[in-house]
Amino acid sequence: MVNGATNYLEYRAEFEAQGMTWLAVWGQGTLLTTMLAFPLLVGSLVAQIAVGEHSGRNWQRMRANHLQGVMLRGKVMHMVQIAVLTALVLLGEFAVTGLLLGFDLADIGPFLLRGIPVALAVLATEVFVAWLGVVMTSFASVMTVVLAGTVIGSFLILVVPQMAPFYPLSVMTAACSPRDLYSVASVGSILVTTAVVAAWSGVWTALLRRAVAKVA
């Protein structure tokens, strides 16, 4: 959001001439964040948890006590909490930035709706990395895949942004839609993006459950 505010202030006359306030900050504030920072931060958090599960043989011990299903549900619920909090922090920082720049709070509504696909996109990324963390045993191997996937996702976002919603590590950028700013407030765009990231969340959750059953 600092990046978004700085860019807005630097080109304020141009943005005001186009009637862009919240939109200008949103685009600059979410592009690099969701392309690089979010996937890597989420990946490192979930990968570290997965490494701890392997080192403690947690899934095997839960299997012995017939509790692997409970552990999996708890793990998914924890990831849901992280996803919701991530979306809320992003929207909170965005709102504060806009208010500090003197924007009209009444115009923030469409951006708040974006919180739904954003939260689901974070969840989809978390579950994807959690699945990697079950099938791979080291932090380095998981993060290598996440890093490579993030680089590929960044390339897709910049070159063929229409493909971003269908690639696992670029769904967060697709959820924010900084490459197509005029669709940010589109209910149709929000619904389509929500459907896609929800589908990804379901796919990776099913694969995670299957991987856990094999490991256990």
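The values are calculated or read from the model by the stated rules, or taken from the named source; none is laboratory data. It should be emphasised that the depicted structure is a prediction, and the values quoted were computed from it without experimental measurement. Every residue, glycine among them, receives a Cβ derived from its backbone with ideal geometry; neighbour counts consider all protein chains shown. Surface areas here come from the heavy atoms of the whole protein model, side chains and all, with no ligands, DNA or RNA. Shrake-Rupley method; radii C 1.70, N 1.55, O 1.52, S 1.80 Å.
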Solvent-accessible area per residue for segment 21-88 (1.4 angstrom probe, square angstrom): 50
Label-point gap, in nm, between GLN81 and LEU158 - each point 7 angstrom along Cα→Cβ: 3.8
Inter-probe distance in nm under a simple model that places probes 7 Å from Cα toward Cβ, at PHE166 and ASP107: 3.5
Acute angle (nearest 10 degrees) that the helix 38-55 long axis makes with the longest principal axis of the chain, alpha-carbon atoms: 10
Rounded tilt (10° steps) of 115-135 against the dominant C-alpha axis of the chain: 30
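Counting only protein heavy atoms and a 1.4 Å probe, tell me what percentage of segment 16-137's accessible area is made up of carbon and sulfur. Show your work: numbers first, answer last.
Working: 3790 of 5650 Å².
That share works out to 67 percent.
By its C-alpha gyration tensor, with a ≥ b ≥ c as the square roots of the eigenvalues, how is segment 128-216 shaped: rounded for a/c under 1.5, else prolate for a/b larger than b/c, else oblate? Spell out each step's value before the answer.
Working: a/c = 3.86, a/b = 1.68, b/c = 2.30.
Verdict is oblate for segment 128-216.
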Rounded tilt (10° steps) of 68-100 against the dominant C-alpha axis of the chain: 10
Computed lengthening from LEU99 to LEU41, 0.36 nm per intervening residue step minus Cα-Cα distance: 18.2 nm
Charge dipole magnitude, Cβ of K and R +1, D and E -1 - the chain, Cα centre, debye nearest 20: 1280
Most mobile listed residue (VAL42, VAL151, VAL118) in the chain, GNM with C-alpha springs under 10 Å: VAL151
